[in-house]
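One structure is given below, encoded as structure tokens.
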Amino acid sequence: MASYSRAAQQWATFARVWYLLDAKMQPPGKIAAATVIRLEGRHKPIYHALNDCGDHVVIINTRHIAFSGNKWEQKVYSSHTGYPGGFKQVTATQLHLKDPTAIVKLAVYRMLPKNLQRRTLMQRLHLFPEDVVPEDIEKNLLQEIPQPRAVPKRLDEYTPEEIAAFPKLWTPPKDFRRK
């Protein structure tokens, strides 16, 4: 006979895990794609579309997300109040200045399936503009989701040894003068 009961095994199978994702210098679409998989529970072998087995996801540093290209000015978020003349359009920059978590929240919301589970799944998403997380949420965190995109180092983050060891494409001659 096994040393554990079936009830304990089933509880461990369906238990909700808390994941942490750092959104610093990450595109909102990639963050949303990684988040939706965990919220729905698609990473679990017991996943079924009608089964609610998703986990909690905590996303930090939403203030420091990154868009590629010129999307901060070109991407437009639209809404309608329902009244005549109530069509509202806001650029990504304006929305981000108003609420630093709104862009990531909208990206996740729009990537979730359009059914009655969407509101329940959004309740398991916890967004924070900085890396400060409340203590009651922090004690629940178990795993960290790897960042979808590698963050490049800034030039001031390199040591002088790394800069000197970097291969040079062209070595100027001794009599070379810059204009």
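Quick look at the values:
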quantity	calculated
Sole exception among (1) surrounded by fewer than 10 Cβ atoms within 10 Å (Cβ to Cβ); (2) of a type outside the set (Val, Ile, Thr); (3) touching a helix residue (DSSP H, G or I) at 6+ places or on another chain (Cβ under 7 Å) for residue 152, by number	(3)
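Table: residues versus (1) within 22 Å of residue 63 (Cα to Cα); (2) open to solvent by less than 90 Å² (accessible area, probe 1.4 Å).
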{"position": "84", "(1), (2)": "no, no"}
{"position": "107", "(1), (2)": "yes, yes"}
{"position": "117", "(1), (2)": "no, yes"}
{"position": "128", "(1), (2)": "yes, yes"}
{"position": "137", "(1), (2)": "yes, yes"}
{"position": "161", "(1), (2)": "no, no"}
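The values are calculated or read from the model by the stated rules, or taken from the named source; none is laboratory data. Just so it is clear, the model here is predicted, and its values are computed rather than measured. Using ideal geometry, Cβ is built from the backbone for each residue, glycine included, and neighbour counts are taken over all protein chains shown. Please note that ligands, DNA and RNA were not included when accessible areas were found on the heavy atoms of the full protein model with its side chains. Shrake-Rupley method; radii C 1.70, N 1.55, O 1.52, S 1.80 Å.
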